[in-house]
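Asker: Quick one: the structure is below, and I'll ask about it shortly.
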Amino acid sequence: VWGSVQDRLRDDLGADAYKNWIEPLVFEGFEANVARFKAPTGFLGNWVSRNYSDKIQMLFSEHGADVARVEFATSVAKKAVAANGSAGKAPKVAEPVAQSRATGSPELPGAPLDARFTFDAFVVGKPNELAHAAARRVAEGGPVTFNPLFLYGGVGLGKTHLMHAIAWEARRRNPDARVLYLSAEQFMYRFVQALRFKDTMSFKELFRSVDILMVDDVQFIAGKDSTQDEFFHTFNALVDQNKQIVISADRAPGEIDGLEERIKSRLQWGLVVDLHPTDYELRLGILQTKAESQAQHYPEVSIASGVLEFLAHRISTNVRVLEGALTRLYAFASLVGREVTLDVAQECLADILRATDRKVTIDEIIRKVADHYNIRMTDILSPKRARAVARPRQVGMFLAKTLTSKSLPEIGRRFGGRDHTTVIHAVKKIEELRSVDSQIAEDVEMLRRMLEA
Ligand code: ADP
Ligand code: MG
């Protein structure tokens, strides 16, 4: 069982966290319904106990092992670090001082916060500016003006990042603030444990004693009736006390099927903000920011100009995928000691690029060409013959001829109702120019890669 649990942990926590925290553990076996581990240091045992024992316990259950508790003993000192599943009872901690300083209010059973998810590291653009401003307002404290703050948007758009940022910032401003962040899944798990150990009183007390409650991915409790019920009461109790609540979901409140109407309506009381899919500018901004921080780890790696732009164009709106691509590029370049050119990027990211691969359409070509040359799409389709639009138009026709299977007359028609001989002329012209004009060659190449890759 532990093997399967380990696999899941590796997937869920990521290779780094897994290596740091889970790998050093030695599984000793079950004793009654307690899973026992040896940890190399008290600190590590503590950490895992505080941050991952719920998760480990849950995974054991998923794999058919009914575990009521997970215990970590240090291999050196025989001090056991007990992590009981029931909420409210603070786990016995071997190094309480180090722990409580590191993570703020130690008795709150929140999920660990990612140190990278701060406001400083959050890149703001049109698609997320409102969500960012609202999150900032909440983190700054002061009178509660909207309650709850409801953030929603597709996967990888920064909901969790913003919630962690709120927690970091609120704690920085007021170290005594009781800020509780957890996923809806953890909320449910805590609640079920409380029921099971007949300890719902301390569950209620605990959740109602916080200054800021943040529940991530609330869509998870849809269809889970008793959890919804408890959530509803917690919610009301906190709102009555004027405590701030922040909720996230992948959809707008009204669109979460299986969520009780009264909860939907509560969730709409405050401010509902959506994180829009990223646009090109935001993706590029994020890539530039992340590239700067990667560059500190890999000073030897150089990224050719145009590569970040290419990624911003070609990779989907999910920021997590974008980040993954960049991380891989840096690691790859550092290993093979090569500059990251467009070629290298394409080779190294072939699978990611393939996943976002689509058939190139003429509309897309026109749009990308217009973007690239900073002219309007209507200019490309217009009869204007000024060089500033005629050349891009020819590039567009050339790309349409080489990247799609459309016929010459069809291409002519789509480029503002032109004759097929105009298209032939454009294709010839660009072919000629490519060999003598390096700017044109580069433009065409760049556009081609963006469109096709
Ligand atoms: P969600 O919770 O909406 O699925 P996350 O908050 O987990 O998304 O974000 C996914 C990844 O993308 C995280 O690593 C996060 O830091 C990063 N990310 C998302 N949006 C931004 C942004 N605007 N600036 C910087 N990083 C971002
Ligand atoms: Mg999230």
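Each reported figure results from applying straightforward, stated rules to the coordinates on display, with no laboratory input. Computed from a predicted model, the values in this text were never measured in an experiment. Cβ sites come from the backbone with ideal geometry, for glycine too, and all protein chains shown count toward neighbours.
Asker: Quickly rank 221-231, 45-55 as a protection proxy: mean count of other C-beta atoms within 10 Å, highest first.
Answerer: Descending packing order for the listed peptides: 45-55, 221-231.
Asker: Past 23 Å, Cα to Cα: identify those pairs from 290/368; 368/428; 55/198; 126/243; 384/429, in the order given.
Answerer: 290/368; 126/243
Asker: Shifting gears a bit: Quick one: of the DSSP bridges fully inside the chain, what percent are antiparallel, nearest 5?
Answerer: About 30 percent, rounded to the nearest 5.
Asker: What is the pair-distance distribution P(r) of the chain, computed from all Cα-Cα distances in 10 Å bins starting at 0, with each bin given as a whole percent?
Answerer: 4, 17, 22, 22, 16, 10, 7, 3, 0
Asker: Using a simple spin-label model with points 7 Å from Cα along the Cα→Cβ vector, what separation in nm is obtained for residue 192 and residue 241?
Answerer: 2.6
Asker: Over the chain, what is the relative contact order in whole percent, taking alpha-carbon pairs under 8 Å and six or more residues apart?
Answerer: 11
Asker: Packing-wise, with mean Cβ within 10 Å as the measure, how do 417-428, 15-26 rank, highest first? The partial results should precede the final answer.
Answerer: Numbers: 417-428: 16.1, 15-26: 14.6.
Packing order, densest peptide first, comes out as 417-428, 15-26.
Asker: What size of dipole, in debye to the nearest 20, comes out for the range 280-355 about its Cα centre when the only charges are +1 on Lys and Arg C-beta atoms and -1 on Asp and Glu C-beta atoms?
Answerer: Dipole size: approximately 220 debye.
Asker: Would you kindly state how much longer the chain becomes between residue 176 and residue 15 on full extension, computed as 0.36 nm times their sequence separation minus their alpha carbon distance, in nm to one decimal? Working shown, then result.
Answerer: Details: separation 161, 0.36 × 161 = 57.96 nm, distance 3.29 nm.
Length gained, residue 176 through residue 15: 54.7 nm.
Asker: Further question on the same structure: When all C-alpha to C-alpha distances in the range 280-420 are sorted into bins of 10 Å, what percent of pairs does each bin hold, rounded to whole numbers?
Answerer: Once binned at 10 Å, the Cα pair distances of the range 280-420 give 11, 34, 27, 21, 7, 0.
Asker: By average Cβ neighbour count within 10 Å, what is the ranking of 155-167, 382-394 from highest down?
Answerer: Ranking the peptides 155-167, 382-394 by packing returns 155-167, 382-394.
Asker: Related question: Going by the alpha-carbon gyration tensor, a ≥ b ≥ c the square roots of its eigenvalues, is the range 126-275 rounded (a/c under 1.5) or, if a/c is not under 1.5, prolate (a/b greater than b/c) versus oblate?
Answerer: Taking the square roots of the gyration eigenvalues as a ≥ b ≥ c, the range 126-275 is oblate.
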